[in-house]
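Worksheet: one structure, shown below.
What follows is calculated from the coordinates using simple rules that are stated; it is not laboratory data. Note that the structure is a prediction, hence the values are computed from the model and not measured. FYI the Cβ positions are ideal-geometry reconstructions off the backbone, even for glycines, and counts take in every protein chain you see.
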Amino acid sequence: MQVFLSEPRGFCNGVQNALNLLDEALAKKLKLSVLNEIVHNKTIIKNYQDKGVVFVKDLKAVPNGGHIVFSAHGVAPDIRRQAAERNLQIIDATCPLVKKVHREALGFTKHGVYIIYIGHHKHEEAAGVYGEAPQNITIIENSADIPLIPRDKKQYAALTQTTLNITETAGLIAQIKKIFPGLIEPAQKDICYATAARQEAARNIAAKTEAVVIIGSRNSSNSARLKEVVEAQGRPAYLVDNYRELPAEIKQYSKVGLTAGASAPEYLVRECLAFLQNAML
């Protein structure tokens, strides 16, 4: 079996920064709680749980005055207020690009521009941005949600979750602009460069292989988007946390691509590479 490694792949700067902050706090022997998941990867979460990190869904689970880590996905202002009221010590691991979208949401709202936020309703990143100005934002996931956008606003702007499918998002924005021709788009696109680069690399790998393996967790938005990109090229895509989850049918292919979502560690890629290279032995 020939295995083609996608480049770039794996950790983006935002994920690496979040994990570095968590590691630095652990090195200080702090008792840490993380709101939700630091990044969406089952292996990473398990590793930190083994080190004593507690992952919580609600700030009420954190002792007063304790240390709370906000994940790379960011949080709404109300969460920060709740943390301050309970004197929690905040370690903010929010991705800088996510922070940029928060600032844009505040800026548009200040100037009376209504925001159409393209993202996944249940994703922490979307919830965080929405929390900046819930009265001034409509979240839409696809074209079926477009009717949810109020039609009585003077001006509109589009913001997006940073981990979306680039092609699908561009198509959705084009549909929105037909209804709201004066739509303002940020000068710099919100879908991060790391997500864009990984999707383009996955597209290229799919073009020269029979199937592509994606190392990443199913609740990882950027990993799921890689799967979509590969399948759009007419190739089977296998999204797995590690090589042990690969089905036996993977052995039927002679050329396989291998990539990883932005929250998947490189050692899992290397383990999968070794497995695939020996699959036909």
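With R₀ set to 45 Å, the beta-carbon distance separating residue 177 from residue 29 gives a calculated FRET efficiency near 0.25.
What number, in percent, do you get for the relative contact order of segment 1-157 if the mean sequence gap of Cα pairs under 8 Å and at least 6 apart is divided by its residue count?
19 percent
The modelled label-to-label distance between residue 219 and residue 168, using points 7 Å beyond Cα along the C-beta direction, is 1.9 nm. Ranked by the mean number of other Cβ atoms within 10 Å of their residues, highest first, the peptides 57-70, 4-17 come out as 4-17, 57-70. With Cα atoms defining each centre, segment 217-234 and segment 14-36 are spaced 27 Å apart in the structure.
A cut-off of 5 Å between modelled amide H atoms, ignoring neighbours fewer than 5 places along the same chain, links residue 159 with 116, 117, 118. Considering only 111, 123, 73, the Gaussian network model of the chain with Cα springs below 10 Å gives its largest mean-square fluctuation to 111. Here segment 70-105 and segment 121-167 have alpha carbon centers that stand 19 Å from each other.
Between residue 151 and residue 86, the FRET efficiency estimated from the beta carbon spacing at R0 = 30 angstrom works out to 0.15. Using only alpha carbon pairs under 8 Å that are at least six residues apart, calculate the relative contact order of the chain and give it in whole percent. Dividing the mean separation by the residue count of the chain yields 23 percent. Principal semi-axes of the equivalent ellipsoid, √(5λ) from the alpha carbon gyration tensor of the chain, are 33, 28, 13 Å from largest down.
For each pair in 110/154; 57/227; 42/255; 153/178; 99/154; 99/227, compute the distance between the two Cα atoms and list the pairs where it is over 18 Å. Listed pairs above 18 Å: 57/227; 42/255; 99/154; 99/227. Each 10 Å bin from 0 upward holds the following percent of the Cα-Cα pairs of segment 97-179: 18, 56, 25, 0.
What's the FRET efficiency of residue 56 with residue 196 using the Cβ-Cβ distance as r and R₀ = 30 Å, to the nearest 0.05?
0.40
Our summary gives segment 97-179 a relative contact order of 36 percent, counting only alpha carbon pairs under 8 angstrom and 6 or more residues apart. Projecting the Cα atoms of 83, 186, 131 onto the charge dipole of the chain (Cβ charges, centred on the Cα centre) puts 83 farthest toward the positive pole.
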